[in-house]
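Chemist: Dropping a structure here in structure tokens format, bear with me for questions.
The values are calculated or read from the model by the stated rules, or taken from the named source; none is laboratory data. All of these numbers come straight from a predicted model, not from anything done at the bench. Positions of Cβ are generated from backbone atoms using ideal geometry, with glycine treated the same way; all protein chains shown enter the neighbour counts. The accessibility values were calculated without ligands, DNA or RNA, using every heavy atom of the protein model including side chains. Shrake-Rupley method; radii C 1.70, N 1.55, O 1.52, S 1.80 Å.
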Amino acid sequence: RDTVRFVKTWFTIYENDPHWVPPLFFERKQFFDPRKNPYFRHAQVQCFIATREGRDVGTIAATVDEVYQEEEPGTGFFGFFEFVEDEEVAAALLGAAREWLADRGMKKVIGPFNFNTNHEFGLLVDGFDDDPYVANPYNSAYYPVLYEKLGLQPAMDWYAYRVHSEMKGIQTMMRVADRMLARHPEIRIRTLDLARFDEEVALVHDIYVDAWEQNWAHVRVSDEEFDFIAGGLKQIIDPELCFVAEVGDRVAAISVTLPDINQAVKKMKGRLFPFGWWHLLTRKRSIDRVRVYMLGLAQEFQSLPLGALLYARTFKVGPERGYSGGEASLILEN
């Protein structure tokens, strides 16, 4: 019941925002359930709701990630920081999270992370004229202003790059990729095999751990947690847009591109019933864009242009699968 109340607060906050995509209640209930989400096995989490005159007007979660403490001792996370356009409400929520974190020895707080960089994260500061792509953050345009008024300071910029297959640079990349593959038969690109899903997830996890460990604020993800995240994605991935690059007999790089399921989910208003299921069943008719959700190279192979090969293959297959464009995100400023 508390999870439903927590999530329902966002519906009120964004009721007049045309670009907000409501989350699905059943998915959020699983995500916040410590019995189902293995993240809670190595994290302390406390959620707060702000109320005014009997109305819920904001939410925040404070998190002590025990794994991240190994990298940055004394640094806590805040996330799910949603609020009406009111500095007093936002300040009260952030104050509650800071106090809770300080009581647990935290000296610094960074965010928003829902709950860390292995989940949705980031504050949208530009690009409020479009719906967010799948698994990307969204917030109203007044959020950055209130963040600054609360004394929060920028720590790292992330970018989302919009692409379509007819762009001149993309066409050049595809031609160069074809020539390179022809000259280097030891390099092979294949699609994910869903018939061997568990084995493929293990391969992706190995690359993910190796390729991302140097990223800012990255948190090492356990096998159980990675399986939980992958299980949620299994229902929406298009395996023809998920690629593994092999050099000889070694897995060297991976890319996972997701259909923008937000285009269907937005119409469901958070619920499968009574009519939300119809939008899921007919989603192929309504989804025409994708997000390059994950693309990484094992450190051993980062001197090779395998990233370009994976992008080129994605941009070639995407239009063949009925997608007209997409987004590559989120990508660190450095």
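Chemist: Looking only at the range 246-267, how many residues end up being of a type in the set (Gly, Ala, Ser), open to solvent by 30 Å² or more (accessible area, probe 1.4 Å) and part of a helix (DSSP H, G or I)?
Modeler: So the count comes out to 0.
Chemist: Further question on the same structure: For Asp126, all conditions in the list (1) open to solvent by 30 Å² or more (accessible area, probe 1.4 Å); (2) within 14 Å of the chain's Cα centre (by Cα); (3) under 22 Å from Asn16 (Cβ atoms) hold save one; what is the number of the exception?
Modeler: The failed condition is (2).
Chemist: Since Met156 meets every condition but one in (1) under 28 Å from Arg52 (Cα atoms); (2) part of a loop (DSSP other than H, G, I, E, B), which condition does it not meet?
Modeler: For Met156, the exception is condition (1).
Chemist: Same structure, new question: Is at least one residue of the range 17-33 surrounded by 13 or more Cβ atoms within 10 Å (Cβ to Cβ), of a type in the set (A, V, I, L, M) and more than 18 Å from the chain's Cα centre (by Cα)?
Modeler: Checking the range 17-33: not a single residue is surrounded by 13 or more Cβ atoms within 10 Å (Cβ to Cβ), of a type in the set (A, V, I, L, M) and more than 18 Å from the chain's Cα centre (by Cα).
Chemist: Report every pair of residues separated by at least 6 positions or lying on different chains whose Cβ atoms are under 8 Å apart, first residue within the range 176-191 and surrounded by fewer than 10 Cβ atoms within 10 Å (Cβ to Cβ), second modelled with pLDDT under 95 and assigned to a helix (DSSP H, G or I).
Modeler: Cβ pairs passing all conditions: none.
Chemist: Now, a different point. Looking at Glu15, Glu85, Glu27, Glu71, can you tell me which residue is at pLDDT below 95, over 24 Å from Leu101 (Cα atoms) and among the acidic types (Asp, Glu)?
Modeler: Of the residues listed, the single one that is at pLDDT below 95, over 24 Å from Leu101 (Cα atoms) and among the acidic types (Asp, Glu) is Glu27.
Chemist: When the residues of the range 192-226 are filtered to those that are of a type in the set (A, V, I, L, M), more than 19 Å from the chain's Cα centre (by Cα) and open to solvent by 40 Å² or more (accessible area, probe 1.4 Å), which remaining residue is modelled with the lowest pLDDT?
Modeler: My answer is Leu194.
Chemist: Kindly check whether there is at least one residue in the range 152-171 that is among the charged types (D, E, K, R), open to solvent by 40 Å² or more (accessible area, probe 1.4 Å) and within 20 Å of the chain's Cα centre (by Cα).
Modeler: Yes, the range 152-171 contains a residue that is among the charged types (D, E, K, R), open to solvent by 40 Å² or more (accessible area, probe 1.4 Å) and within 20 Å of the chain's Cα centre (by Cα).
Chemist: Sort out which residues of the range 129-142 are under 19 Å from the mean Cα position of the chain (by Cα) and touching a residue at least 60 places away in the same chain (Cβ under 8 Å), and write them in order of number.
Modeler: Asp130, Asp131, Pro132, Tyr133, Val134, Ala135, Asn136, Tyr138, Ser140
Chemist: Quick one: which of Val57, Val134, Val109 is of a type in the set (Val, Ile, Thr), touching a helix residue (DSSP H, G or I) at 6+ places or on another chain (Cβ under 8 Å), open to solvent by less than 50 Å² (accessible area, probe 1.4 Å) and part of a loop (DSSP other than H, G, I, E, B)?
Modeler: Val134
Chemist: Same structure again: Looking at this structure, is Val7 of a type in the set (Val, Ile, Thr) and open to solvent by less than 30 Å² (accessible area, probe 1.4 Å)?
Modeler: Considered against the rule, which asks whether it is of a type in the set (Val, Ile, Thr) and open to solvent by less than 30 Å² (accessible area, probe 1.4 Å), Val7 comes out as yes.
Chemist: Something else about it: Which pairs turn up if I take residues in the range 91-103 that are farther than 9 Å from Gly76 by Cβ and look for partners that are surrounded by fewer than 23 Cβ atoms within 10 Å (Cβ to Cβ) and of a type in the set (Lys, Arg) with beta carbon separation below 9 Å, at least 6 apart in sequence or on another chain?
Modeler: Hits for this filter: Ala91/Lys149.
Chemist: May I pose another question? What about Ser303, is it within 20 Å of the chain's Cα centre (by Cα), within 22 Å of His218 (Cβ to Cβ) and among the small types (Gly, Ala, Ser)?
Modeler: Judged against the criteria, Ser303 is not a match.
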